[in-house]
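Taken together, the values in this text are just the output of simple stated rules run on the coordinates, not laboratory data. Everything numeric in this text was worked out from a predicted model, so none of it was measured. Ideal geometry is used to build each Cβ from the backbone, glycine not excepted, and the neighbour counts take in all protein chains shown.
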Amino acid sequence: MSDNEREFEIILWGATGFTGRLVAEYLHTKYGNDEKLRWAIGGRSKQKLEAISAEITGDKDGLAIVVANSNDDDSLKALTARTQVVCTTVGPYALYGSSLVSACVENGTHYCDLTGEILWMDRMIKQFQSKAELSGARIVHTCGFDSIPSDMGVYFLQRQMQAMYGVAARHIKYRAKSFSGGFSGGTVYSMINMLEEVQKEPALQQALDDPYLLNPEGSYRGGDVNEQNSAFYDDDFKSWTSPFPMALINTRVVRRSNALMDDAYGKDFRYDEATLSDSSIKARAAAFGSLAMMGSMAISPIRKMLHSFLPAPGQGPSKDKRENGFYEIHLHGVHPTDRAKDLRVIVTGDMDPGYGSTSKMLAECAVCLVKDNIQVGGGFWTPASAMGDSLLDRLQDNAGLQFTAEM
């Protein structure tokens, strides 16, 4: 069946969850529910889906509904055959996402998600890359705060560097400056699940520590090493820095983007992430806290205790907290031969990163996959390598992100 013959352009899978509901609200507000965008909400409970539809549109039949079950492969195959794109918020993806990816690959259905589970992503790539190439399914992970600002911020900076000086930045530093609002509960659940995987299979720690884990087999490996884990003074920013919690995920996505784009950033390209701090004392305290947290999460009883402090499924911050949230990230690009031509880019988001901004980014990725003239074929892609300029425009025009270059 061709894309144009499919009933829907997008099925939002997991619409009854907190983030899924936010994505549904955004799609309805931005695109309506008519021929402008043919989309449906999906999940395993028709009753809950009707409640979401009524909440968003005032009518339980206002949105098209598709019922399926993550544990029923046949129902997922039927679901994915009805749509051009599946947009999913159902995680942890290592527990609930593999069968959905398999069904999308089998039916040549495009796919985007919010995962930051790099061990699972690595497994999916190895298992389904060849099949996705044959079916034409474009699979795009990390379409939320992990890792859009990183991946698209680097893409934007490199585009600016090429336009101004005809070269790529040899090294880009991502520095988180300010945040209001936190990471989502789903992100923390996913991190906990990765740690539990490593505990069950200690050999996975070596994979987790590989800075080029997500790069295609046989691609060039540069000089990047493991993430910053202590306080460090950065001369380019004239500031102390501490570890950035999501660097483990984002750095590997950016390096995969470079590899998938034929080393467009250079074979010797380096990339790292950290958090800006006001003083050495604050940086050291943050670094210690980060190490203590990761060490604690490696202990099974403490991981179980953490569950009691996380939002329950379907819960999250209030609308006021989401809408009053923001983030600001600075990226510094090092010119390969002339430091006077280094370039600084600022990435900002107009809502809290974990929920409000993430839901808009994911929705625009789904729309981009179905509405824009995407040039890549089937396979596992990153946001930058799959959607590039089209996604960059959508993020700035619709999703509240801004990418600004400074000399």
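Odds and ends about this structure:
- Listed residues Thr358, Thr57, Thr88, most fluctuating in the chain (Gaussian network, C-alpha, under 10 Å): Thr57
- Cα gyration tensor shape of region 257-407, rounded if a/c is under 1.5, else prolate or oblate by comparing a/b with b/c: oblate
- Non-local lysine pairs in region 1-123, meaning eight or more places apart or on different chains, with alpha-carbon distances under 20 Å, amount to 4.
- Arranged from fewest to most other beta-carbon atoms within 10 Å of their beta carbon, Cys143, Cys368 become Cys368, Cys143.
- Mean separation of Cα contacts under 8 Å, 6 or more apart, over the residue count of region 18-136: relative contact order %: 18 percent
- Using a cutoff of 8 angstrom between alpha carbon atoms and counting only pairs six or more residues apart, the relative contact order for region 183-252 works out to 23 percent.
- Within a straight-line Cα-Cα reach of under 22 Å, Lys341 can be paired with the following lysines, leaving aside sequence neighbours fewer than 8 residues apart in one chain: Lys173, Lys238, Lys267.
- Computed over the chain, relative contact order equals 21 percent, with contacts defined as Cα pairs under 8 Å that lie 6+ residues apart.
- The chain: most fluctuating residue of Leu134, Leu100, Leu391 per GNM, C-alpha cutoff 10 Å: Leu134
- A DSSP coil position with no more than 13 other Cβ atoms inside 10 Å describes the following GluC sites (Glu not before Pro) in region 32-98: Glu35.
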